[in-house]
């Protein structure tokens, strides 16, 4: 019984993480490839156009942090920041009357990925910001 629960946890973690990584990667690429269109969406949703490129680079960093799973504090910050990003995306899409399914799926997949990450991959032993953050117990 425990074996099946573990397999289900592993599957749920990697499936939800794949969704999160796809959304991060897709956004980072489209923010560059079709910049004018994406900037238009940002403006229509009520957000400033100048956020497109910085957000693209932050999403690339977030992608790498989630994949490497190396620093506990940085990983926590990435998940928190992306959660806020997905909330703002969902609100923007709903207010504009646009399709919001991807933002909703991201908001569902994100906490699943975060909560199961420590169980499936273990808690990262390092903190990027050293003594200012809590070091996880072994």
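Segment residue 47..residue 87, full-extension length gain: 13.1 nm, with 0.36 nm per residue of separation and the alpha-carbon distance subtracted. Its relative contact order, with pairs defined as Cα atoms under 8 Å and 6+ residues apart, puts region 2-132 at 35 percent.
Counting other Cβ atoms within 10 Å as a rough exposure proxy, the listed residues 76, 6 run 6, 76 from fewest neighbours to most. Using only the C-alpha atoms, the convex hull of region 2-132 corresponds to 109 Å³ per residue. Between residue 30 and residue 80, what FRET efficiency comes out of the Förster formula 1/(1 + (r/R0)^6) with R0 = 22 Å and r the beta carbon distance, rounded to 0.05? The formula returns an efficiency of 0.40 here.
Throughout, read-outs are computed from the coordinates displayed, never taken from laboratory work. The structure displayed is predicted, hence computed values, not measured ones. Here the Cβ is made from the backbone with ideal geometry for all residues, glycine too, and neighbour counts use every protein chain on show.
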